[in-house]
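In what follows, a single structure is set out as structure tokens and then discussed.
The values are calculated or read from the model by the stated rules, or taken from the named source; none is laboratory data. Bear in mind the structure is a predicted one, so any value in this text is a computation, not a measurement. Neighbour counts are summed over all protein chains in view; Cβ atoms, including those assigned to glycine, are modelled from backbone coordinates with ideal geometry. Only protein heavy atoms, including side chains, enter the accessible area calculation; ligands, DNA and RNA are left aside. Shrake-Rupley method; radii C 1.70, N 1.55, O 1.52, S 1.80 Å.
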Amino acid sequence: MKYLSLFALAILFSACSNSDKPTAVKSYSIEQLYNNKAINGAGFNADETKVLVDDNSTGIFNLSAINIADTASKPLTHSVKDSYFAIGYVPGTNDFLYSADQGGNENYHIYLQKADGSAVKDLTPWANTTNGTDGWSADKKFLYITSNKRDPKFNDIYKLDVKTWNAELLYQNDGGYSPGPVSKSERYISLIKSITTDKNELYIYDRTTKAVKKLSNDKEATWYPAAFTKGDSSLYYITNDGSEFSYLVKYNLNTGATSKVYSTTWDVVGMELSDLEKYYTVYVNADGKTKVLLFDNKTGKQLDFPEVKDGEVKSAVFSPSEKNMMLTVGSSVSPNNLYVYNFEKKELKPITRTLNPAVSTDDLVSAEVVHFKSFDGLEIPAIYYKPKNATKEHPVPAILLIHGGPGGQSNFGFSNQIQFLVNHGYAVLAVNNRGSSGYGKTFYKLDNKDHSNGDLKDCIWGKKWLQQQAYIDTAKIAIMGGSYGGCMVLGALAFHPNEFKVGVDMFGVANWMRTLKSIPPYWEAERKALYDELGDPYTADSVHLKKISPLFHYQTINKPLIVFQGMNDVRVLPIESKEIVDGVKKNGVPVEYITYPNEGHGFQKKENLITTANKILAFLDKYLMEKK
């Protein structure tokens, strides 16, 4: 995954009906839409009567337990400052784990909360570290974690004894790898080494012999470990070796033989093996939409998911006994909901209702994939929302929305912010410009060392596609994006100052040399790969990086601009936004600058998300719609 891709706006857009009669829709406030609930399911408790979730109903993410029988929800945490994200129950208990950083600084710690509500324990109490979980031991007596506490640049693997929670070093990462899953016996550890953003290497470290075995070849391909099987017999991994798209492979640890397990004409992006290994799931990125496939692990036969009427399955979590499965289901007009499926009874039960009852899906707009030809004839995919009140007689303004990355992807999913803008009369086109994930490795690498050129032109040709739609006001098109998408916004205004009427930038890169030099230390394993794609700021590449950095071309920005920035952002530093704002102000151009002292890279707190959406709408109404 390419740099800054954590900012991934979920985008959904409806199709190009040419009805001349506008459809009447109810207008919603952003507060009403943010009364929708965002929810994530983590796992089942010991007797499989409850599931652990996190949701943002309190304004930030906190944990709750949902009773499956009556769907009653019991709050478990009560944070008012930082979001808490569920990891799961401690096996065999109702104790649970969660992770949290501090104000968006990305120094994630892992916390234990006992079922009796006693004091929370920080299992990773090491200052200035970032920590993550890496699964449980086969006997469930140890939790594997990754941490950079020994060396800020590299993650080691530790095992935590559930009786004492003391940390024991399992693997010391001196080779600059990114650790993956640990085998059931703890003999093998999977490792990845980044070479470029289009190529990495897959290894297995044998803790018995201390040998490191390379599984990948020297071709340009990516390799990602997924799961070890029982008895240390096999390793599942995902690769695009010899193919445009990634596929699932099973590697025999004893013989070295490999067999292709699953492939399709889209990327396989994930695989999960159930605890008792009766089932496995395969995740496919199909034209911006996640598809989850269920298989019998013994026979390899694909099994049918239970039919869900109000959306598509986006993820699945198996219970410890494998008798139950928690499904995350969503659509472009409804936030994700959770269901529990019982295999024995073949019963599917919804356990959440996340859409605000005051909001009707009839007033929201479904997503649709469209394609357009770019400047060089390359076909560019995009996801599109058309307001229901848009007609030839009543043309509407439009927003070109650019995802983060480079290498991210706009995809299907529910977005309060996008539905809000569309509900208030703005068409939205989310462009998956060249260099985006999900469309094959050739498409993915088309922007290498060509950023703010071909990919930016794709966005301009997306604007041209919008202008060809009879119901679009061709003179009123904005560009909006966050992170790398924010950089594209600034680049569009600086390098193509007459293309867009206004720009909306959320924590976008303004100075590539500074951003690449300030990469967080725990990204060291990927740093050289990023330099290979974007340019090395310590070499002659700095000339090109300066050329494509909007900060050094702010003098040409002559359109209104609004900028949002989290002050704890460690990826795009606050000075990036401040300096571009200060520069554009010198041009006498209207500029608004909104900062959040309690946010990092991407905003989590509901009050800040509401403020952001309202300010964007007011800005667009004033400078794009020209409402007085």
Worksheet item: For the stretch 348-364, which residues satisfy the criterion of being surrounded by fewer than 17 Cβ atoms within 10 Å (Cβ to Cβ) and in a strand (DSSP E or B)?
Response: K349, P350
Discussion item. Can you say whether G330 is of a type outside the set (F, W, Y), in contact (Cβ under 8 Å) with a residue 24 or more places away in the chain and crowded, with 21+ Cβ neighbours inside 10 Å, as far as the supplied structure shows?
Written reply: yes
Worksheet item: When both residues are 6+ apart or on different chains and their Cβ atoms are under 8 Å apart, which pairs have a first residue that lies in the stretch 410-427 and is on the phi > 0 side of the Ramachandran plot, and a second that is assigned to a loop (DSSP other than H, G, I, E, B) and surrounded by fewer than 24 Cβ atoms within 10 Å (Cβ to Cβ)?
Response: G425/N389; G425/M625
Worksheet item: Taking only pairs six or more apart or across chains, which ones have beta-carbon atoms under 6 Å, a first residue in the stretch 55-69 that is under 16 Å from N337 (Cβ atoms), and a second residue that is of a type in the set (G, A, S)?
Response: N56/A38; S64/S73; I66/S73
Discussion item. Let me spell it out: the conditions are (1) touching a residue at least 12 places away in the same chain (Cβ under 8 Å); (2) surrounded by fewer than 17 Cβ atoms within 10 Å (Cβ to Cβ); (3) touching a strand residue (DSSP E or B) at 6+ places or on another chain (Cβ under 6 Å); (4) not hydrophobic (A, V, I, L, M, F, W, C), and N173 meets all of them except one. Which number is the exception?
Written reply: (2)
Worksheet item: Can you pull out the residues in the stretch 134-161 that are surrounded by 18 or more Cβ atoms within 10 Å (Cβ to Cβ), among the hydrophobic types (A, V, I, L, M, F, W, C) and under 29 Å from K114 (Cβ atoms)?
Response: W136, F142, L143, I145, I157, L160
Response to the item:
Contact list, first residue from the stretch 601-619 and of a type outside the set (V, I, T), second anywhere and assigned to a helix (DSSP H, G or I) and at pLDDT 95 or above, beta-carbon distance below 6 Å, six or more apart or interchain, is F603/L609; A613/I30; A613/Q417; A613/F420; N614/I30
Worksheet, complete the sentence: Here the residues within the stretch 103-122 that are farther than 29 Å from Y596 by Cβ and either free of Cβ contacts under 8 Å to residues at least 24 places away in the same chain or not in a strand (DSSP E or B) (or both) are K114, A115, D116, G117, S118, A119
Discussion item. If Y471 meets every condition in (1) in contact with a Lys or Arg (Cβ under 8 Å, 6 or more places away or on another chain); (2) open to solvent by 10 Å² or more (accessible area, probe 1.4 Å); (3) closer than 30 Å to E393 by Cβ apart from one, which number is that one?
Written reply: (2)
Worksheet entry | Residues within the stretch 554-595 that are surrounded by fewer than 22 Cβ atoms within 10 Å (Cβ to Cβ), within 24 Å of the chain's Cα centre (by Cα) and of a type in the set (S, T, Y), tallied | 1
Worksheet item: Tally time: how many residues in the stretch 524-552 are without any contact (Cβ under 8 Å) to a residue 12 or more places away in the chain, assigned to a helix (DSSP H, G or I) and either surrounded by 18 or more Cβ atoms within 10 Å (Cβ to Cβ) or not basic (K, R) (or both)?
Response: 3
Practice prompt. Can you work out which of the residues in the stretch 287-320 that are among the aliphatic types (A, V, I, L, M) and surrounded by 16 or more Cβ atoms within 10 Å (Cβ to Cβ) is modelled with the lowest pLDDT?
Written response: V308
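Would you tally the residues in the stretch 166-199 being of a type in the set (S, T, Y), assigned to a strand (DSSP E or B) and farther than 17 Å from A529 by Cβ?
Filtering the stretch 166-199 down to residues of a type in the set (S, T, Y) leaves 171, 177-178, 183, 185, 188, 190, 194, 196-197.
After this cut, where a residue has to be assigned to a strand (DSSP E or B) as well, the list is 171, 178, 188, 190, 194, 196.
Remaining after also requiring farther than 17 Å from A529 by Cβ: 171, 188, 190.
Count: 3.
Search the stretch 365-375 for residues being open to solvent by 30 Å² or more (accessible area, probe 1.4 Å) and in contact (Cβ under 8 Å) with a residue 24 or more places away in the chain, and hand back the single one that is farthest from T442 (Cα to Cα).
Step one: list which residues in the stretch 365-375 are open to solvent by 30 Å² or more (accessible area, probe 1.4 Å), which gives 366, 368-369, 371, 373, 375.
Right, trim to in contact (Cβ under 8 Å) with a residue 24 or more places away in the chain and you get 366, 368-369, 373, 375.
Working: S366: 30, E368: 24, V369: 20, K373: 17, F375: 18 Å.
My answer is S366.
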Worksheet item: Could you count how many residues in the stretch 481-523 are open to solvent by 10 Å² or more (accessible area, probe 1.4 Å), in a loop (DSSP other than H, G, I, E, B) and among the hydroxyl-bearing types (S, T, Y)?
Response: 1
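Yes or no: the stretch 234-243 includes at least one residue that is over 24 Å from Q409 (Cβ atoms), modelled with pLDDT of 95 or more and open to solvent by 20 Å² or more (accessible area, probe 1.4 Å). Reasoning before the result, please.
Restricting attention to the stretch 234-243, the residues satisfying the condition of being over 24 Å from Q409 (Cβ atoms) are 234-235.
Filter once more, keeping what is modelled with pLDDT of 95 or more: 234-235.
Keeping just the survivors that are open to solvent by 20 Å² or more (accessible area, probe 1.4 Å) gives none.
No - not one qualifying residue is present in the stretch 234-243.
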Discussion item. Considering only the stretch 266-274, I want to know if a residue exists there that is open to solvent by 20 Å² or more (accessible area, probe 1.4 Å), at pLDDT below 95 and either closer than 28 Å to S410 by Cα or polar (S, T, N, Q) (or both).
Written reply: no
Item to complete: Tell me which of these V25 doesn't satisfy, since it passes every other one: (1) open to solvent by 40 Å² or more (accessible area, probe 1.4 Å); (2) of a type outside the set (F, W, Y); (3) not in a loop (DSSP other than H, G, I, E, B).
Response: (3)
Practice prompt. Report, by residue number, each residue of the stretch 123-133 that is buried (at least 18 other Cβ atoms within 10 Å of the Cβ) and part of a loop (DSSP other than H, G, I, E, B).
Written response: L123, T124, T130
Worksheet item: Just a yes or no: is a residue in the stretch 11-22 of a type in the set (S, T, N, Q), under 29 Å from Q409 (Cα atoms), open to solvent by 10 Å² or more (accessible area, probe 1.4 Å) and modelled with pLDDT of 95 or more?
Response: no
